[in-house]
Amino acid sequence: MKDMTQLTIEGLSISYGGIKALRSVSLEIKRDELVSIIGANGAGKSSLLKGISGLVRCERGKILFQGKDITNRPPHLIVKAGISQVPEGRRIFSRLTVLENLWMGAYTRSSKEEAIEDMEGVFSLFPRLKERKDQVAGTLSGGEQQMLAIGRALMGRPRLLLLDEPSMGLAPILVEHIFTTIKRIHAEGTGILLVEQNAFAALEISHRTYILQTGSIVMEGKSKEILERDDVRRAYLDIR
Amino acid sequence: QDEWGEIVIPPQKPIKIGVGTMLTGDYASMGIDIKNGAEMAILEKGTIHGHPIQLQAEDDGCAGPPSVAIAEKFCNDPLIVGVIGYMCSGGSKPASDIHNKYKVVMISPSSTAEELTKRNIPVFFRTCWNDIIQAKRAADFAIHKGFKRVAVIHDKSDYGQSLAEAFLKGIKEKGGEIVATEGITRGDKDFTPVLTKIKPLKPQLIYFGGMAAEGVLIVRQMKRAGIQADFMSDDGCFTEKDFIQAGGKAAIGSYITYAQEPSPQWVERFEKKYGPRQTFSPQAYDATVVLMSAIEKVAKKKEDGGLVIGKKALRDQVAKTEIDGVTGPIKFDPNGDRTGSVVAIYQVVEEKGKAFFKKLDF
Amino acid sequence: MDLSLLAEQIVNGLSIGGVYALIALGYTLVYGILTMINFAHGEIFMVGSFMGYWTLAFLEQKGLLWDWPQLSVIVAMSLSVITCGILGSALERFAYRPLRTAPRLAPLISAIGASIFLQNLIMVMVKGRMRVYPDIIPLTGIEVGGIFVSHFQILIIGVSLLLMVALWIFIRRTKVGIAMRAVAEDKMAASLMGIDVNRIIQVTFLVGSSLAAVAGVMVGMYYSQINHMMGFIPGIKAFTAAVVGGIGNIPGAMLGGFLLGILESLSVNILPAQYKDVVAFSILVAVLVFRPRGILGEVVGERV
Amino acid sequence: MTDRVLSIQGLTKHFGGILALNGLSFGVGREGIYSIIGPNGAGKTTLFNCISGVLRPDGGKILFQGEDITGLKGHEIVELGIARTFQNIRLFSNMTVLENVLVGMHSRLRSNFWQTISRSHYQRLEEKSALKRAYQLLDYVGLKGLEDKLATSLPYGLQRRLELARALASSPKLLLLDEPTAGMLPSESKEIAELLKRIQWEFGISILLIEHDMKVVMDVSSKIIVLDLGEKIAEGSPDEIRSDERVIQAYLGGKGKHPL
Amino acid sequence: MESEYKKRLFYGLVFLGLILLPQFVGNYWSHILGDVGLYVMLGIGLNVVVGLAGLLDLGYVAFFGVGAYSYALLASPHFHIHIPFLVLVPLCILIAMILGALLGLPVLRMRGDYLAIVTLGFGEIIRIFLNNLDPVTNGPKGLLRIDPFRIFGFTIDEPVEWYYTILLGILLSTFFYKRIMDSKIGRAWMAMREDQTAAELMGIDLLRYKLLAFSIGASFGGLGGAIFAARQGSIFPENFSLIVSINVLCILILGGMGSIRGVILGAFVLVGLPELLREFEQFRMLLFGLLLIIVTIFKPTGFFRPEKGLKIVND
Ligand SMILES: Nc1ncnc2c1ncn2[C@@H]1O[C@H](COP(=O)(O)OP(=O)(O)OP(=O)(O)O)[C@@H](O)[C@H]1O
Ligand SMILES: Nc1ncnc2c1ncn2[C@@H]1O[C@H](COP(=O)(O)OP(=O)(O)OP(=O)(O)O)[C@@H](O)[C@H]1O
Ligand SMILES: [Mg+2]
Ligand SMILES: [Mg+2]
C-alpha cells in the first residue's frame, strides 16, 4: 500500500522568527486524491504549502513525495520532482505577457512540442487567456490573473498541484468555473491539495479534508462526513 | 629656552619625521614616490646624534579634511620633529594653519600653489617652485620659440588652473594671443570634444596645466583630432613612464617644464631601490635632507642622552638653509619659497630608438 | 555652429557613448533583476581593462603580439571577459547573495565596499601606476562628408550596438532570458516555476560583467592609458545613462549611453568644457522631470 | 440632489485599448450600504480609483455632496471626506498597527509645523486625543491588544480589519471598500458584514462596497449596482438583482453554465 | 518604568562619557571625533530624507557644500565680509533649506532610483559650479582664512573646543529630529516611505511633505557645512564630492536606518575605522572595503533596528 501515498508529511513545524506558524503537522495525500485544507485566517495553511514547495525552511519534520525525501530541498528541484503551486495572491509575472507567463510555467520541461500541446490544453480550459495571449499580464483583471496562475502551474505538468485560495476575489460565476476546472484537472490525473476559504465548495469537491487551527490539524476525515458535522458548519460554514 | 617651546626626544627614542602624502587613490603612485624619496634620505642618514630617525608616512588623501586630521596627529605626536608634506596644495593650505598653531615645521616637496607662501606662515617651506615661477618661465619659452597663437587647457584643479592662468598672463604680457581657455574634468578619458572645438582656431601651441594622466591623453588625442600644434605642459607631466611611455609617438616633441634634473647618480641609486621614479621624489629627498640637517644643527644633547630641539630654532635653521641638494642649490626666501632653483625646459626627444626628456638650453 | 564640426562632435559623442552604453547594459541587467545599484560595476570594467592589458603585455613579451595583432586582441578580450564574468559572479555569490533578503539598501553598501576593495586591490598590484596598452590600433579611418571617422570609432559603436541587439534578443526570446525577467519581477513565483533563481541571478551578473569587460578592453585600446581609478567616472555616467534610458530596459540603456555621450560632446561647443557635466546632468534631470521613468522606461500599470 | 452623497455622471476611463469605464452613471444616497458587483475586470476597482483620485478619468464627472471633485488630488479628496481600502492590501508595512491608524487620521490633525516643533499645548492635546481615538477604533474593529505589532505581522484577515480602521480614522462621510472579505472563511465574512452594518449605522456614513461574496452583498446592501464592461447593467435591491436575468448570466451564474 | 529609568541612566552615562572623552584621547583623536560628529550630523539630516521619507538622495553633499560656502563667503577676507557666526549659522541653515526645497520641486514625480540619479546629478552640478564660478567662489583655489566661531571674545579653534561645539550641534539636531519624528509629520514621512499612493489616500499631501523632508534634511547639512568651514579654516570644492554623499548614506544604512544610535555607531565605523587602519598605509582602503562587505553581511539590517513604536506624548 505504500506506493499508494503520493505525499506524506510527518511532524512538520515551521516558524517565522518567534512566531510558530505550524506545529508538528502530519498529513498524507494518496495518489489521485483531491484533498482540501480549510482553516481560519492565519491558521498556517499558506505556510504549509510554502513548506512543501520549499519556500520556507521546515524546522522539524519530514516531507516525502513519491517516496523521496524532499524536505528543505530548493524550490526549483521540488517543482522538477512534480509539485507545482498556485500561490496565494496569484503572483503572476505582471510585466511578462500571458504567453511568456505560460512559457515560464513550462520552464522545467525539455520538450517544446509537449509544452505547446499543454498550452493548447490550458487554452481550452481558459479560452479567455487565448484571447489575451499577447497582453501584458499585469493589466489582466483579477479573474483573468487567477486563470493565468492556474494555467501556468499546469504547464509544468505536475503530479501534484497545490492551490492556495484559488477562488479568492473571483466573481461567483467564475468561482463555480474554477471549481469545475479543478475537478477536471483532477480527473485528468493530477493529485490536488486545495487550500480554500470557500469552505463549502472545498468540502464539496474534495475527497478528504483537513482542518487547520493555529498551526495544528484539529480534524481530518472524509469531506462528506465533515460537511455534515454541526460544529464545523457553525464555525466554518456560517450555517446555523 | 625656545620661545615656541621645545621638542624633547627621550634617550633611546627615535626622532620621527612625518610624511603626509597620498597613499591610496588617484595619484597614489605620485604620493608613494614622495614617500620613497623621503625614506631614502632617512635611510641614508640613519641617525642624528645617536638617535635613529624614523619615518611615519600617513595618507593625506591629497585633500583638506584628511590632511588636517593627520596634521593634528603629527603635531600632537611628541616625537615628531618636522613634517615632509603635504602633497597637494588643497591639503597643505588648511594643514599649514594647524602647523602654524603648533609651530611644527613643514616642508612640502610638491605643493606649488602661490598662496601658500603669501600667507605669512613662518613654519611653511617648500623644495618645489611655485606655480607662478614655473608658468612664467614656460610662457617666456613659448614666446621665445615663436608661438603666437596659444590655446590653454587645464584640469580645473587648484594646481592646473593656477599654472594655466599664470601662463596665460605671461603670454599676453609678451604679446601672444590666447585663442581658447578650456577646463577639463580630472579622471575623464575622452578629450576629443574639447580638441575638436579648439581645432578650427588653429593654435600653434596647446599648453596644458594638470597631471600626466590627462596630459598624455590630450597629447595623443590631439593627433587623432588632427591638430598640428605643439604641446607644452608642466611638472605634472614630467614622468618617464606615465608621459613618455604612455604617450608613445604622440608625446615626442612635447615641451615640459620641471626642476633641474636630479643628479644621475642619485637617480640610479633611487631607481635601484624603488624602480622608475616619478615626479617629486627628488624634492622629497631634498626636503628631508634639509629638515634632518637643521635638526642636527639645533638639537642639544641632554645629560641623560636625550635631545632637546627648540621649535623656533629649528624653523630659523631651516630658513637659513644653504645646501646643494640633488635638485640643485637650496635656499629659501623669507616666505618659505625656494630661491635659486630655476625651472628648466625639457623636450621629449627620441634618440636611438629611446625617448627621454632632454633639457633644452634656455 | 559649423555643420561639419557638429557632425564631428556627434561622432565623438557616439564613441564615448558606446562605452557608456556597454557599461550601462550591465547596470541595467543587474538592476533589473535585483533592483540594486551595483556600485562595483565600474570597477569590474576597470579590472576588465587591466586584464586585457596584462594579456597583451604578456603576448608582447613573448613576441607574439606584433605577429598576430588581431588574434592577440581576441585572446585578450576573451580572457578579460572570462575573468570579469567570474569576478562578477563571485561578487554576487559572496557579497550580494547573503544580502538577498536584507533591506533594499544593504547590498548597496557591500557593493560600495566591493568597489573600494577592487580599486585598491588593483592599486596595490600596480603600485598606483597607470598602465599603457600597446598601440595596436592604427589611426586609420574613413572620410565621410569631410569629417574623419576612425575605424576604431566605428568598431566601438558597432560592437556596442551589436551586443545590445544580441542581449535584447537573448532577454526577449530565449528561455533563460524570459526567466531573467521573471526572476526580476518575483523571485518566489519564479522558483515555483522550477527556475533556479540563484543560477539565473548568477548568469545575469556573468553577462553584465562580460559586457563591462568588453568595454574595458576597448577603452584600453582606444585611449591606451588605464589606471585603477578609471572605473569611477564611467561607472557613474553609465548608471546615469541606464536610469535616463529607463532602468531595467535594454534599448533604454543603449539610448541613454549614446545620448549622454552626444550631449557631453555637443555641450563643449556651446559652453566652456568645464561645464560639460553640468550640461549633461541638467538635461538628464530635465528628461526625467518630463519622463519620470526614463525615456524608454515602461510605465507599468501600478494596479491599486 | 442633496439626498445624494455621491453622484457619478458619465464616467469614462480607458487604458490603451481597454475601455474600463464606459459612460457610467449612478448615485449613492446618504447613509446606507451600496454594493457594486460585476465580473472580474468590469471596472469596479477602476471606478474606486477614479473617485479616490488615484486615476484621472478621461470623461465624466464625480460629484461629492454636490461638489465637483473630478481630477482633484487624492489627499484633497480624503480631506473632503472620502476614505477607502484596497483590493490588494496596502498597509504601511514597517509601521505598527497603531501608527497605521494614526496616519489614517492625518487629514484631521490641524497642528502646523511650528506647533509640532515646539510641542505646543494644542499639539499635545491633539496628539493625545488622536491616540485615544486610534485605540478606540482598533478596539472597534477587533484589533485590541495588537497595537504595537508591525502591520505585516498580522494575519491576512486582521490586516483587512486594520485597513478598515485606518480608513475610518479619517472620519469619512463616504467609505469605499474594495473586497473587504476576500480570502475569509464564510464565518469570518459574516463577522465583517456585521461590522460593516454597525459602522454604517453608528457612524452614520455611506458605504460603497465592492464584493464578490454574494452572501455578504445580499446581507448588507441597501442597493446593488451591477457593472459589466464598464457599464451599469442593473441597479436595484438585493431581491431585484438576485432574479435579474442579465445579472445571472453575466455574473451570478447558475448550476452548470459558465460564460467561458 | 523600571526599564525607562535604566534607559535614561544608560543615556546619561553615555553622554557623560562623550563629554569626558576628549580629556583622555588628546587633540588628534578629538579632531577625528569632531569629524565623526560632523558625519553624525549629516547622517541625522539624511536620515530624514532617506530613512523617514524614503527618498533616496545621493546628492546630499550639495547642502553640506552650500552651507560651508555660505559661511565661508560671508565670514572671510574673500569679500571682506565678516558676519558674526551667531547670525550667520542660522542664515546658512536657511540657505540650505531653500536649496533643499528647490531641489524638491523638479523631483517630486520621481521615485526610487530615478530620484537617486537626479539628486546625484544635482550634487555634482553644485560642486562643478563651486569649482567654476571663480569670481564668486574663487574656484579650485578655495576660500582661505575663514573666521572661526567667536563668542564673547572667546575663539573656538582647538580640536577639543570644536568637539564640544559639534557635540552641542548633534544634541540640538537630535532633539529637533526626535520632535519631528514623534509627530504627525514623522508619521506622514514614514507612510510616504512605505507606500506613496496609499499615503496620499490617507490625506498626505505628497508635494508638501516631500519638500518639507528635503528642506529639513538640508538644514542639518547646512549646519554641518558651516561648522566644517569654520573648523577647517579653508575649504575647496573638492571637499564636497560625491564620496561624501555616499559616505553619509553608508553611515545610515550601516547604522540601521532611522536610528540615531545607529547613525552614531555608523559614523564611528565609517569615519573612525579608516583612521584606525592608517598603519596599513597603502593597504588601508583595501582592508576598509573588505570590512565594509563583511560588516554588511553580518549586520544586514544595520547595527540597530529603527526605533519602533510611538511614545505617548506627555506621559
Ligand atoms: N513572512 C512572515 N513573517 C512573519 N510571520 C508570518 C509570515 N508569514 C506568515 N506569518 C504568520 O504565520 C501564521 C500563519 O500564516 P499563514 O499565511 O500560513 O496563514 P493562512 O492560514 O494562510 O492565513 P490566510 O487565510 O490569511 O491566508 C500567521 O500568524 C502569520 O501572521
Ligand atoms: N493600470 C491599468 N493599466 C491597464 N489596464 C488596466 C489598469 N487597471 C485596470 N485595467 C483594466 O481595466 C479593466 C477593469 O479593471 P478593474 O481592476 O477595474 O476590474 P474589477 O472590476 O475591479 O475586477 P476584479 O473584480 O477582478 O477586481 C480590466 O480589463 C483591467 O485589465
Ligand atoms: Mg494563506
Ligand atoms: Mg477589483
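Odds and ends about this structure:
- Residues in the stretch D:52-74 that are over 15 Å from the mean Cα position of the chain (by Cα), away from ligand 2 (no atom under 16 Å from the Cβ) and closer than 19 Å to D:I207 by Cβ were compared, and the one that is surrounded by the most Cβ atoms within 10 Å (Cβ to Cβ) is D:I69.
- Test result for A:R57, within 13 Å of the chain's Cα centre (by Cα) and within 16 Å of ligand 1 (Cβ to nearest atom): no
- Hits in the stretch B:146-174 - residues which are in contact with a Phe, Trp or Tyr (Cβ under 8 Å, 6 or more places away or on another chain) and part of a strand (DSSP E or B): B:V150, B:A151, B:V152, B:I153, B:H154
- Within the stretch D:127-179, restricting attention to residues that are among the hydroxyl-bearing types (S, T, Y) and more than 14 Å from chain A (Cβ to nearest Cβ), the residue that is farthest from ligand 4 (Cβ to nearest atom) is D:S129.
- If you go through the stretch B:114-161 and pick out every residue that is surrounded by 24 or more Cβ atoms within 10 Å (Cβ to Cβ) and acidic (D, E), you end up with 3.
- Residue in the stretch C:192-206 that is assigned to a helix (DSSP H, G or I), in contact with a helix residue (DSSP H, G or I) (Cβ under 9 Å, 6 or more places away or on another chain) and facing chain A (nearest Cβ under 7 Å) present: yes
- Filtered residues of the stretch D:29-51 (kept if more than 10 Å from ligand 4 (Cβ to nearest atom), within 17 Å of the chain's Cα centre (by Cα) and not hydroxyl-bearing (S, T, Y)): D:G29, D:R30, D:E31, D:G32, D:I33, D:I37, D:C50, D:I51
- Flag if D:G17 is within 14 Å of another protein chain (Cβ to nearest Cβ), over 20 Å from D:K173 (Cα atoms), near ligand 2 (Cβ under 9 Å from one of its atoms) and small (G, A, S): no
- Top-ranked residue of the stretch A:177-208 - restricted to ones that are in contact with a Ser or Thr (Cβ under 9 Å, 6 or more places away or on another chain) and within 16 Å of ligand 2 (Cβ to nearest atom), ranked as nearest to A:L49 (Cα to Cα): A:N198
- Test: residue in the stretch D:88-103 that is closer than 20 Å to A:N41 by Cα and part of a helix (DSSP H, G or I): yes
- Unmet requirement for A:L162, which otherwise passes all of (1) buried (at least 24 other Cβ atoms within 10 Å of the Cβ); (2) within 14 Å of chain D (Cβ to nearest Cβ): (2)
- Flag for A:T214 being away from ligand 4 (no atom under 16 Å from the Cβ), farther than 30 Å from A:S13 by Cα and of a type in the set (S, T, Y): no
- Cross-chain or 6+ apart pairs with Cβ under 7 Å, the stretch E:157-171 first and under 17 Å from E:V25 (Cβ atoms) and in contact (Cβ under 8 Å) with a residue 12 or more places away in the chain, then surrounded by fewer than 18 Cβ atoms within 10 Å (Cβ to Cβ) and of a type in the set (S, T, N, Q): none
- Subset of the stretch E:181-211 [small (G, A, S) and in a helix (DSSP H, G or I)]: E:G186, E:A188, E:A191, E:A198, E:A199
- The stretch C:122-140 residues that are in contact (Cβ under 8 Å) with a residue 60 or more places away in the chain and surrounded by 15 or more Cβ atoms within 10 Å (Cβ to Cβ), paired with ones that are in a helix (DSSP H, G or I) and charged (D, E, K, R) (beta carbon under 6 Å, 6 or more apart): C:M130/B:D242; C:P134/C:E60
- Of the listed requirements (1) in contact (Cβ under 8 Å) with a residue 40 or more places away in the chain; (2) of a type in the set (D, E, K, R); (3) more than 16 Å from ligand 2 (Cβ to nearest atom), D:R133 misses just one: (1).
- Any chance B:E350 is of a type in the set (D, E), out of contact with any Pro (no Cβ under 6 Å at 6 or more places or on another chain) and in contact (Cβ under 8 Å) with a residue 60 or more places away in the chain: yes
- Where B:S111 falls short, out of the listed (1) crowded, with 23+ Cβ neighbours inside 10 Å; (2) in contact with a Leu (Cβ under 8 Å, 6 or more places away or on another chain): (2)
- Which listed residue is of a type in the set (S, T, Y), buried (at least 20 other Cβ atoms within 10 Å of the Cβ) and over 17 Å from the mean Cα position of the chain (by Cα), from A:S110, A:S141, A:S47: A:S141
- Meets criteria (within 16 Å of ligand 1 (Cβ to nearest atom) and part of a helix (DSSP H, G or I)) for A:A235: yes
- Residue check for A:K80: out of contact with any Leu (no Cβ under 6 Å at 6 or more places or on another chain), surrounded by 15 or more Cβ atoms within 10 Å (Cβ to Cβ), more than 10 Å from chain C (Cβ to nearest Cβ) and of a type in the set (D, E, K, R): no
- Some residue of the stretch D:75-83 being in contact (Cβ under 8 Å) with a residue 40 or more places away in the chain, away from ligand 2 (no atom under 16 Å from the Cβ), over 19 Å from D:L177 (Cα atoms) and not polar (S, T, N, Q): no
Every residue, every condition in (1) more than 23 Å from E:F304 (Cβ to Cβ); (2) of a type in the set (D, E); (3) buried (at least 21 other Cβ atoms within 10 Å of the Cβ), yes or no:
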| residue | (1), (2), (3) |
| --- | --- |
| E:A198 | yes, no, yes |
| E:L212 | yes, no, yes |
| E:V248 | no, no, yes |
| E:L277 | yes, no, no |
| E:L291 | no, no, no |
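- Candidates in the stretch E:236-275 are the residues that are within 14 Å of chain B (Cβ to nearest Cβ) and not in a helix (DSSP H, G or I); of these, the one that is farthest from the chain's Cα centre (by Cα) is E:F236.
So that you can scan it fast, the table gives a plain yes or no per residue for (1) out of contact with any His (no Cβ under 9 Å at 6 or more places or on another chain); (2) within 14 Å of chain B (Cβ to nearest Cβ); (3) in a loop (DSSP other than H, G, I, E, B):
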residue: E:L130; (1), (2), (3): yes, yes, no
residue: E:P135; (1), (2), (3): yes, yes, no
residue: E:D147; (1), (2), (3): no, yes, yes
residue: E:D157; (1), (2), (3): yes, yes, yes
residue: E:Y163; (1), (2), (3): no, yes, no
residue: E:L167; (1), (2), (3): yes, no, no
residue: E:I170; (1), (2), (3): yes, no, no
residue: E:S173; (1), (2), (3): yes, no, no
residue: E:K178; (1), (2), (3): yes, no, no
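- Pick from the stretch B:45-69, criterion more than 8 Å from chain E (Cβ to nearest Cβ) and closer than 29 Å to E:N131 by Cα, ranking: surrounded by the fewest Cβ atoms within 10 Å (Cβ to Cβ): B:P66
- Residue ID - farthest from the other protein chains (Cβ to nearest Cβ), chosen from residues in the stretch D:196-214 that are surrounded by 16 or more Cβ atoms within 10 Å (Cβ to Cβ) and either away from ligand 4 (no atom under 16 Å from the Cβ) or over 16 Å from the mean Cα position of the chain (by Cα) (or both): D:Q200
We did not get these values from a lab; they are worked out from the coordinates using the rules stated. Quick caveat, the model's predicted, so the values are computed rather than measured. Positions of Cβ are backbone-derived with ideal geometry, glycine not excepted, and every protein chain shown enters the neighbour counts.
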